[in-house]
Amino acid sequence: AGGRGVADPLSPAGLPCAFSPLNQAYFALASADGQLRVWETANNRLHQEYVPSAHLSGTCTCLAWAPARLQAKESPQRKKRKSEAIETSNQIDLLAIGTAVGSILLYSTVKGELHSKLISGGHDNKVNCIQWHQDNGCLYSCSDDKYIVEWNTQTCKVKCKWKGDNSSVSSLCISPDGKMLLSAGRTIKLWVLETKEIYRHFTGHATPVSTLIFTTIRPPNESQPFDGITGLYFLSGAVHDRLLNVWQVRSENKEKNAVMSFTVTDEPVYIDLTLSENKEEPVKLAVVCRDGQVHLFEHILNGYCKKPLTSNCTIQIATPGKGKKSTPKPIPILAAGFCSDKMSLLLVYGNWFQPVIERVALNSKESHMCLVRDISNCWAPKVETAVTKVRTPVVNSEAKVLVPGVPGHHAAIKPAPPQIEEVENKRKLGENEISIEERLGALDIDTKKEKDDLPQTNSFPVLLTQGLESNDFEILNKVLQTRNLNLIKRTVLRMPLHAVIPLLQELTKRLQGHPNSAVLMVQWLKCVLTVHASYLSTLPDLVPQLGTLYQLMESRVKTFQKLSHLHGKLILLITQVTASEKTKGMTCPAQKAKLVYEEESSEEESDDEIAEKDSDDNWDEDEEEKESEKDEDVDDENEEEEEDVEEKDEENGEEDRDVASEKELNGDSDLDPENESEEE
């Protein structure tokens, strides 16, 4: 936790971290080596990882998410140009990162890359704090160079720069109405943003202030007119100071000391609170201390209080301490944030490389909560990190071996293909015969185990990205020849966007190959086009890039009609052949039936039918002109009977032809379907 405290004893403890404003969906954490990691709070999964180019010299010193209000912000005065509209809509996902060398990076979590860089005319020393303006999209930063800078994030240029203190400025906070700015080194100043003049002074702390937050948005006495700032309370915390002070903005002649204070067990590292919107509603405060505990306070801010207030509840996390020898060990809490319902808390604990994020319901009755959590499995990093020149150590069977790969890409673990022993077992059990492909897969795995130099990984998106980047035929074969549709979907969902076009080009190549492989490639192609349709539609040069694929699909579709014609003809042939075979098979029972006595009655019936037909014909000739409707019906019947007679004749003729063709072929039954259609 004290990664930065080694260099400077007065730098704040803890690592720069922040929850995203919209429903706290993401948690950004900057590690001691300057890498930024964004975690999904719902499922504790690494969402993105970003390593700035100068991450070792210019390590990250502070973080700030763009406020949620910029999301739907649209200027009513005039219609925005298209480019400007895009700029503001993109601002929702921006994360501002202050560095030790004075530059500010704006990172886009939607694009997963650097959005812009604020350097020129800014700070020439460590950036201590960054604050976004909730309405106009401006950015305020303070530094060890004693200056406060107002940035225009769209042009990436300095709007205004002024001296904030005689020593370094360590913390900033913008007032709820957006017209005032609090700044602090050791003393606290309140500035009017429009004129950049000091409005109020406060005593402050003996050490540099690390936190400034407004705690109320309405004054306690609502009967008097409200100017947007007078009567509001704000909170401050400082380095090595176990007291959090609460200040009230009052008229000029009033005293400048703190009105009340909260006491904690160690230096505050991370503070979150729920705003009090009226005088009856208490402020809820969660303070994460350097010793890894969280202190919860609940207090109605209503004027002066001499005695420091102690916490209502303390939360600690510890390991279970299995066995006699092992004692429970405390697990440090890195950050805590109130959920939107104000009745539960998001806790981030463990180590900074692989933190655990958990939602804990708050029970106000207990004064001390100790959560027992086993995080022994979490210490091993789940993310495959890119490492070069790996030496394989001798490990026992219980140890988990990590492998090289692209950082930040998770995938479901693919079950290993069946080994040769399993293949033999399947055979013995009399199950379905295993395909040659699976056998080759099993052999392939065995050969890989013998060679230590080949990368081993269960992550399909990582393998796919590696294969496409290095154009490794073997890796691509292993991934693309999977028949599991769910696995294909999951792989396509989790693959990085920059690999989509190379994958489509690889699929196009393979589609031109053997028809058997084309069947598999079509499944991949379908998944890629459905999952990444929105991304593909944003590419300006998509048509030339996928030109080959379009042509290929068109040529395949052209032959489809001919194939379906051929298919229909073949079905007709097959049905006729099967029908004739059935009639051959039925001759024996028909002969036996002639010996049965009922045969005579059937002949009589047939004679009667013939008589009826004759009488019908005579009736038709006489009555033809009188009743046309009935006439048509009877004619139809006659036609049907005549057709039946003709069909019987045709069937007999076809039987003769079939027999003759069979004699000619001399038992050679393997007819070529194309030749058949041509002959027809």
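Structure above, values below:
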| item | result |
| --- | --- |
| Selection status of His123, crowded, with 19+ Cβ neighbours inside 10 Å and modelled with pLDDT under 90 | no |
| Top-ranked residue of the range 323-339 - restricted to ones that are out of contact with any Phe, Trp or Tyr (no Cβ under 8 Å at 6 or more places or on another chain) and in contact (Cβ under 8 Å) with a residue 24 or more places away in the chain, ranked as nearest to Asn245 (Cα to Cα) | Phe338 |
| Flag if Trp162 is under 28 Å from the mean Cα position of the chain (by Cα), modelled with pLDDT of 90 or more and open to solvent by 10 Å² or more (accessible area, probe 1.4 Å) | no |
| Every residue from the range 347-362 that is in a strand (DSSP E or B) and surrounded by 20 or more Cβ atoms within 10 Å (Cβ to Cβ) | Leu347, Val348, Tyr349, Ile357 |
| Within the range 109-118, considering residues that are assigned to a loop (DSSP other than H, G, I, E, B) and in contact with a strand residue (DSSP E or B) (Cβ under 8 Å, 6 or more places away or on another chain), the one farthest from Trp65 (Cα to Cα) | Gly112 |
| Scope the range 180-219; condition among the small types (Gly, Ala, Ser) and surrounded by fewer than 22 Cβ atoms within 10 Å (Cβ to Cβ); matching residues | Gly204, Ala206 |
| Residues being over 16 Å from Thr99 (Cβ atoms) and open to solvent by less than 10 Å² (accessible area, probe 1.4 Å) - total across the range 141-152 | 1 |
| Residue match in the range 518-526 (condition: farther than 29 Å from Glu438 by Cα, modelled with pLDDT under 85, in contact with a helix residue (DSSP H, G or I) (Cβ under 8 Å, 6 or more places away or on another chain) and not polar (S, T, N, Q)) | no |
| Restricting the range 467-493 to residues that are touching a Cys at 6+ places or on another chain (Cβ under 7 Å) and in contact (Cβ under 8 Å) with a residue 40 or more places away in the chain, the residue that is least open to solvent (accessible area, probe 1.4 Å) | Val492 |
| Given (1) touching a Ser or Thr at 6+ places or on another chain (Cβ under 7 Å); (2) part of a strand (DSSP E or B), index of the condition Pro219 fails | (2) |
| Count of the range 232-250 residues which are open to solvent by 10 Å² or more (accessible area, probe 1.4 Å) and either closer than 17 Å to Lys179 by Cα or assigned to a strand (DSSP E or B) (or both) | 4 |
| Restricting the range 501-558 to residues that are among the aromatic types (Phe, Trp, Tyr) and either outside any helix (DSSP H, G or I) or open to solvent by 50 Å² or more (accessible area, probe 1.4 Å) (or both), the residue that is farthest from Thr491 (Cα to Cα) | Tyr550 |
| Residues satisfying the stated conditions in the range 251-303, i.e. acidic (Asp, Glu), out of contact with any strand residue (DSSP E or B) (no Cβ under 6 Å at 6 or more places or on another chain) and open to solvent by 40 Å² or more (accessible area, probe 1.4 Å) | Glu252, Glu255, Glu277, Glu280, Glu281, Asp291 |
| Which listed residue is open to solvent by 40 Å² or more (accessible area, probe 1.4 Å), farther than 22 Å from Ala32 by Cβ, in a loop (DSSP other than H, G, I, E, B) and at pLDDT below 85, from Thr388, Thr327 | Thr327 |
| Candidates Thr216, Thr195, Thr211 - the one that is hydroxyl-bearing (Ser, Thr, Tyr) and either at pLDDT below 90 or not assigned by the TED database to the domain that holds Glu255 (or both) | Thr216 |
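Residue-by-condition table, conditions (1) out of contact with any Pro (no Cβ under 8 Å at 6 or more places or on another chain); (2) farther than 29 Å from Glu252 by Cα:
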position: Lys117; (1), (2): yes, yes
position: Gly121; (1), (2): yes, yes
position: Tyr140; (1), (2): yes, no
position: Cys160; (1), (2): yes, no
position: Pro176; (1), (2): yes, no
position: Arg186; (1), (2): no, no
position: Leu190; (1), (2): yes, no
position: Glu194; (1), (2): yes, no
position: Leu212; (1), (2): yes, no
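The values are calculated or read from the model by the stated rules, or taken from the named source; none is laboratory data. Since we're looking at a predicted model, the values are computed, not measured. Virtual Cβ from ideal backbone geometry, glycine too; neighbours counted across all protein chains shown. Side chains are part of the model used for accessible areas, which takes the heavy atoms of the whole protein and leaves out ligands, DNA and RNA. Shrake-Rupley method; radii C 1.70, N 1.55, O 1.52, S 1.80 Å.
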